[in-house]
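Just below is one structure, and these are the notes that go with it.
The values are calculated or read from the model by the stated rules, or taken from the named source; none is laboratory data. The model shown is predicted, which means the values in this text are computed figures rather than measured ones. When we count neighbours, we look across all protein chains shown, and the Cβ atoms used for this are built from the backbone with ideal geometry, even at glycine.
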Amino acid sequence: MGYGRGAVSPLRWSWAVSQLVRRDLKVRYKNSVLGFCWSFLNPLMQIVVMTIVFKYIIGSRINNFSMELFTCFLPWLFFAQSLNDGAVCVAKDNLLVRKYAFPRVILPIASITSNLVHLFFGFLVLFAIFLVLPVHFNVYFFWVIPLLAIQFTFTLGLVLLVATLQMYYEDIRFLLNSVVQLLFFLCPTVYTVEQVMESARLSPLWKELYILLNPLTPLFIGYRTALLHGAEWPVAGYYSYLAVSALWALLFLGVGLLVWRRYEWHFAEVC
């Protein structure tokens with residue numbers, strides 16, 4: 001991969017990314033009997049456990065809890081795993097970084113794309129379940145595509161930041177694990193946004209900030225609504241919230257690219 005710092009053709013970019021994605025997928029399931037089956041077995045097992053805990057022990061009042069959870073939990077796993085893998089994507093390929101001059105941004109893109117493949121397999125299982133359960137497909141199903149595009153953009157921006165910081169501060173990946181776990185409960189995954197909006201303990205301002213300050217919240221609302229509830233958006237002005245989420249994604253991507261370009265050619269020195 002004899003790339004310099006100049007422009008690289010889109011064809012060579014896509015080839016490089018595809019090769020790294022293939023390698024990551026092979027390495028992840030090397031010597032595994034079930035192989036890619038773990039892409040959907042792992043989330044299925046977690047969803048079963050959470051359904052037992054939140055539905056039958058805690059007593060969640062959400063109808064069809066497991067499917068409501070499934071539609072948001074898959075994108076959440078994509079986000080969390082992409083951050084964890086992306087944080088070490090440069091350090092993991094330190095030999096490649098030291099030996100060749102190529103656009104380093106290919107590494108985080110490939111890392112996130114490999115997790116996007118796992119998300120795809122997870123959605124295949126979700127759609128198979130839809131065929132068994134009384135869940136009807138509707139035209140709003142295609143909202144998943146722009147929602148994924150926004151989430152990919154937001155995730156890439158975050159990965160560019162944490163991967164750069166990780167090269168200089170080893171504590172980042174440990175801090176990241178804690179932040180990701182906390183963020184899980186700030187997203188409407190095991191509960192719905194309707195429960196937040198109907199809460200008497202939160203002021204209208206906090207309810208508004210809950211949606212506006214977390215770019216993932218409008219996305220998860222969108223996944224759940226598009227896949228299960230058609231056009232019945234649970235919050236008024238949803239498209240405005242989604243636009244804010246897209247702006248957050250572009251902001252993080254812009255900042256991430258600026259930081260990344262400032263330090264990417266020094267990675268070989270600190271690997």
May I ask you to verify whether Leu11 is aliphatic (A, V, I, L, M), in a helix (DSSP H, G or I) and modelled with pLDDT under 75? yes
Can you tell me which condition Thr225 does not meet? The list is (1) among the polar types (S, T, N, Q); (2) surrounded by fewer than 20 Cβ atoms within 10 Å (Cβ to Cβ); (3) in a helix (DSSP H, G or I), and all the others hold. (2)
Could you please find all residues in the range 79-108 being within 12 Å of Thr155 (Cα to Cα) and either surrounded by 21 or more Cβ atoms within 10 Å (Cβ to Cβ) or touching a Ser or Thr at 6+ places or on another chain (Cβ under 7 Å) (or both)? Phe79, Ser82, Leu83, Asp85, Gly86, Ala87, Pro108
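Yes/no matrix, rows are residues, columns are (1) at pLDDT 95 or above; (2) farther than 15 Å from Thr155 by Cα; (3) among the charged types (D, E, K, R):
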site: Phe220; (1), (2), (3): yes, no, no
site: Leu227; (1), (2), (3): no, yes, no
site: Ala243; (1), (2), (3): yes, yes, no
site: Leu247; (1), (2), (3): yes, no, no
site: Leu250; (1), (2), (3): yes, no, no
site: Leu253; (1), (2), (3): yes, no, no
site: Arg261; (1), (2), (3): no, yes, yes
site: Cys271; (1), (2), (3): no, yes, no
Filter the range 72-98 for residues that are small (Gly, Ala, Ser) and under 10 Å from the mean Cα position of the chain (by Cα); the one that is farthest from Glu269 (Cα to Cα) is Ala80
With Val179, Val117, Val159, Val144 as the choices, which residue is surrounded by 19 or more Cβ atoms within 10 Å (Cβ to Cβ), on the phi < 0 side of the Ramachandran plot and out of contact with any strand residue (DSSP E or B) (no Cβ under 6 Å at 6 or more places or on another chain)? Val159
Filtered residues of the range 186-208 (kept if in a loop (DSSP other than H, G, I, E, B), loosely packed, with under 14 Cβ neighbours inside 10 Å and either touching a Ser or Thr at 6+ places or on another chain (Cβ under 8 Å) or not charged (D, E, K, R) (or both)): Leu186, Ser199, Ala200, Ser203
Asn214 fails exactly one of (1) under 17 Å from Leu247 (Cα atoms); (2) in a helix (DSSP H, G or I), namely (2)
If Tyr239 meets every condition in (1) of a type in the set (Ser, Thr, Tyr); (2) at pLDDT 90 or above; (3) in contact with a helix residue (DSSP H, G or I) (Cβ under 8 Å, 6 or more places away or on another chain); (4) assigned to a helix (DSSP H, G or I) apart from one, which number is that one? (3)
Val90 vs. criteria touching a Lys or Arg at 6+ places or on another chain (Cβ under 8 Å), modelled with pLDDT under 85 and in a helix (DSSP H, G or I): no
Some residue of the range 99-109 being assigned to a helix (DSSP H, G or I), farther than 28 Å from Leu11 by Cβ and either within 13 Å of the chain's Cα centre (by Cα) or in contact (Cβ under 8 Å) with a residue 12 or more places away in the chain (or both): no
Right, Phe174: outside any loop (DSSP other than H, G, I, E, B) and in contact (Cβ under 8 Å) with a residue 40 or more places away in the chain or not? no
Answer yes or no: is there a residue in the range 52-65 that is polar (S, T, N, Q), under 25 Å from Pro218 (Cα atoms) and modelled with pLDDT of 85 or more. no
